[in-house]
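The numbers here are math on the coordinates, done by the rules we state, and not lab data. Just so it is clear, the model here is predicted, and its values are computed rather than measured. In this analysis, Cβ positions are derived from the backbone assuming ideal geometry, glycine residues included, and neighbour counts consider all displayed protein chains.
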Amino acid sequence: MEERAKRENLGDLGDLGDLDDLDDVGDVLSWLCKKGEETLKRHTDLATNLSAIKEQEQDFEKFYFISM
């Protein structure tokens with residue numbers, strides 16, 4: 001019986017790792033809602049010349065890789 005209780009307690013401790021995952025998810029969602037929304041709004045209007053388009057593309061690629 002004592003061994004079973006130890007296993008159950010260890011199982012409960014394993015669930016604590018999930019709390020860290022939830023914090024990470026919260027951080028990602030917060031970032032996406034703030035920084036991500038700003039970035040996407042900036043890219044709703046396309047640039048009008050080649051250099052501005054390239055700059056917009058690079059900015060979006062940075063955002064994309066950070067978000068992944």
Check: For a paramagnetic label modelled at 7 Å from the Cα of Asp21 toward its Cβ, which residues of the range 43-68 fall within the zone defined by backbone nitrogen distances under 19 Å?
Finding: 68
Checklist line | Karplus-derived HN-Hα couplings along the range 47-61 (A = 6.51, B = -1.76, C = 1.60, θ = phi - 60°), whole Hz, x at Gly and Pro | finding: 5, 9, 9, 4, 5, 5, 5, 4, 5, 5, 5, 5, 4, 5, 4
